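The values are calculated or read from the model by the stated rules, or taken from the named source; none is laboratory data. For clarity, every value in this text was computed on a predicted model and none was experimentally measured. Every residue, glycine as well, gets a Cβ built from its backbone with ideal geometry; the counts of neighbours run over all protein chains shown.
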Amino acid sequence: MTTKFIIRNDDNPKIIHNDLSDYLDVESILKKDYEYIYESIQNEGFVLENKWGDVFKEILFENKVVGFAFYGLNSATNFVLNEIYVLPEFRGNSLFLLEINILLAAGNSLSILQPTKNLVEILIHYGFAFKLSENIVASAISFDFKNEDILSNSNEEFDDEQIMSSNIYDLDIRSSLLLRDISTPGRNIIYYHQELENDFKEYGKRKSLNNGYFNEIKDLFLQNSEEFTQIMFDLKDKLPKSQLGFDIVVGHGEEFSDYMQDMIDDGIISKNKAQEIKDVLTEEYERGEVTDDGIITRFNFFLNDLDSQIDILDIFQLNTNICPYCYNPINLSDESCQICGYNLFYEPDFDFIDDDFEEGLIIDKGNTVSSLSELFERLDRKYKLENINYGKDYPTSYDLDQFKILKLIDEYHNLDLAFLIINNLKLPQDIFSELLFSEGYVTYEITKENWSDFANSDLTVDELKDILRNNGLKVSGRKQELIDRIGESDISLDEFVSDKLFLTQKGKDYLNDYSWIELYLNFLSMFDFDDFNRFWDANGGDFNEIVSKYLDEHIKKAKEKKDFDYLINCFSSKAIFAELDENLDDALKWEMIRFCLAINPVYLDKSYYNFYIPLNQENIDNLRLLKDEFSIKTVTDSFEKSWDYFKFNRCIISKEDSKSILNRLLDNHEDLKSINKEIKDKYFVKNNMDNTHQTDLSDYFK
């Protein structure tokens with residue numbers, strides 16, 4: 001049976017909004033206007049678990065309506081994905097990825113209402129989520145809870161008027177997790193939700209949960225807080241950025257921007273109201289209270305008069321982090337509040353505040369945001385050997401962007417999608433696009449070079465057999481055999497047309513020649529690319545040899561600067577590349593050096609100290625694996641040499657105590673979380689470690 005698709009010749013999806021008096025019923029919409037999609041849902045046994053919402057949007061593929069996205073709205077620009085469905089035969093075309101990118105590029109924020117396990121695994125594939133362990137996932141896109149479905153290991157009630165949202169998901173129990181008050185001794189409150197029908201149908205009944213499960217979750221996050229914090233910041237930073245910044249939404253000068261003028265002309269806003277909002281946003285933008293990231297959300301916040309609905313009393317009812325402007329719950333890894341668009345990293349001057357209570361309240365919040373702001377800056381910095389400002393048009397930066405874009409084109413065959421995913425290009429998008437074509441890296445034409453890619457993605461087995469049959473060739477075999485047979489024949493490929501973009505052989509050769517960039521992106525991303533490329537060009541040898549020399553230079557510089565964090569990153573990279581090079585002796589050396597400095601952190605700045613855990617799980621796991629490759633004497637000798645490497649003048653933790661802790665971890669495989677707690681209780685708290693904040697490493701090294 002041939003499906004009669006709804007066609008949108010203008011390639012614009014239809015969007016249905018509610019009429020503000022009632023919610024939309026997605027099932028009714030599908031039954032009435034999209035019968036073939038509803039029939040597919042029924043045949044597949046897919047359950048529409050969130051039937052009520054505010055916005056229904058078609059999903060198109062080559063002008064055909066092949067699915068839909070169904071959203072709720074927490075605010076004008078805060079979308080909650082209630083349901084998404086694509087016809088089975090059109091999956092694998094990155095339509096969900098395109099939907100996310102378009103939504104975020106338009107300046108909206110996005111969360112997902114209780115996603116299925118399959119949806120979370122798709123987010124992992126797209127790079128929007130990351131597995132912190134075998135089953136625990138961190139996501140840059142938040143997961144909202146339905147209040148009626150919330151479960152907990154605690155009897156404490158939650159505010160059912162509050163939107164509960166999390167960035168953590170457990171693949172084993174197939175639920176989002178909201179961790180609350182896990183750092184207070186004797187406390188451990190974790191919220192999760194009832195199992196979804198779709199997950200139950202596919203994976204069966206969820207395993208039973210006991211206190212052991214919740215304690216494992218608590219220990220995992222307390223033990224790895226530093227690492228997980230960095231991962232969350234990195235994930236958020238990879239999300240597509242809004243294309244609607246201050247210049248487009250508000251604009252400079254006395255005239256209205258085209259964006260605001262269109263709204264005035266359409267009667268959406270009066271000229272006086274537009275001027276009021278323009279004046280407020282201009283002042284806030286100049287002070288830094290709003291950034292390009294949150295400008296469209298903040299514009300809509302004032303457009304809908306939501307500022308008049310702020311209830312300051314809500315602050316006393318919320319046991320969570322809140323926005324200092326609108327008092328709604330926030331995730332501190334967000335740059336801007338998803339409700340009002342306020343810059344969460346803004347640090348105001350409070351000298352003018354007279355009211356003691358209000359001052360104390362706001363300053364406490366400001367200190368929290370300030371601390372996270374400093375941490376974010378520390379995590380985001382790039383290390384350089386030479387303090388050179390390479391500028392936007394420096395050619396090596398172009399190489400990095402070009403490599404990323406060609407990799408995306410090779411995977412998704414869509415240039416617009418590649419540009420949406422890659423933000424902050426070193427060259428303007430139109431110039432970049434022109435260079436890719438003029439240099440012959442990409443093409444829309446079907447040639448012998450890209451025939452296999454095209455045929456695999458666009459043609460069915462039956463279509464391939466028809467081509468072979470019409471040309472008098474054998475039609476038996478698997479799909480790839482049919483594709484190869486056509487490619488090796490004299491059949492002309494001129495008749496084939498595709499809207500997908502393919503790499504030419506030159507483009508594929510470029511990815512092969514610059515394959516080392518993949519290693520840079522995976523293992524050297526904290527080091528400045530232009531700086532590394534300059535070093536790469538100036539030195540001979542294979543990639544690992546050059547990396548080793550490069551990191552040695554950074555270690556010298558980190559020692560000169562007495563920068564603890566810089567050194568730890570260098571040691572970690574040295575160990576990684578030694579293992580990649582299968583040089584286990586060097587891998588042991590650098591993992592042990594990393595251990596010795598981590599257990600003896602002679603410098604902790606204020607923003608870092610609150611997040612610091614003495615020993616890192618990855619470091620200990622690597623040492624345990626390496627221990628199995630060496631004798632006990634070799635491991636002991638490595639510790640002695642590593643300790644001597646630093647020439648400590650005085651120590652926080654003695655050499656003998658450090659050695660004893662190492663032996664306990666390696667020989668008895670003691671729990672790292674309990675060891676870390678023991679170290680902090682004995683050495684950091686009792687010895688007032690935070691008094692060292694005003695010192696530097698010179699006090700500790702000869």
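Worth a mention:
- Here Phe46 fulfils each of the conditions (1) of a type in the set (Phe, Trp, Tyr); (2) part of a loop (DSSP other than H, G, I, E, B); (3) surrounded by 17 or more Cβ atoms within 10 Å (Cβ to Cβ) apart from (3).
- Filter result for Leu459 (modelled with pLDDT of 90 or more and buried (at least 17 other Cβ atoms within 10 Å of the Cβ)): no
- Pair list, Cβ under 6 Å, 6 or more apart: the range 510-529 residue among the β-branched types (Val, Ile, Thr), other residue at pLDDT 85 or above: Ile517/Phe403
- Any chance Phe496 is over 18 Å from Phe403 (Cβ atoms), assigned by TED's automatic domain parsing to the domain that holds Phe403 and of a type in the set (Phe, Trp, Tyr): yes
- When the criteria are applied in full, Asp416 meets the requirement of being at pLDDT 80 or above and either assigned to a helix (DSSP H, G or I) or in contact with a helix residue (DSSP H, G or I) (Cβ under 9 Å, 6 or more places away or on another chain) (or both).
- Index of the failed condition, Leu196 passing every other in (1) out of contact with any Ser or Thr (no Cβ under 7 Å at 6 or more places or on another chain); (2) modelled with pLDDT of 85 or more; (3) hydrophobic (A, V, I, L, M, F, W, C): (1)
- Candidates Glu83, Glu58 - the one that is under 22 Å from the mean Cα position of the chain (by Cα), of a type in the set (D, E, K, R), surrounded by 20 or more Cβ atoms within 10 Å (Cβ to Cβ) and at pLDDT 90 or above: Glu83
- Out of Leu588, Leu567, Leu524, Leu551, sole residue that is under 24 Å from the mean Cα position of the chain (by Cα), crowded, with 18+ Cβ neighbours inside 10 Å and closer than 26 Å to Ser638 by Cβ: Leu524
- Boolean, Ile491 is out of contact with any Asp or Glu (no Cβ under 7 Å at 6 or more places or on another chain), more than 28 Å from Leu417 (Cβ to Cβ), in a helix (DSSP H, G or I) and assigned by TED's automatic domain parsing to the domain that holds Ile405: no
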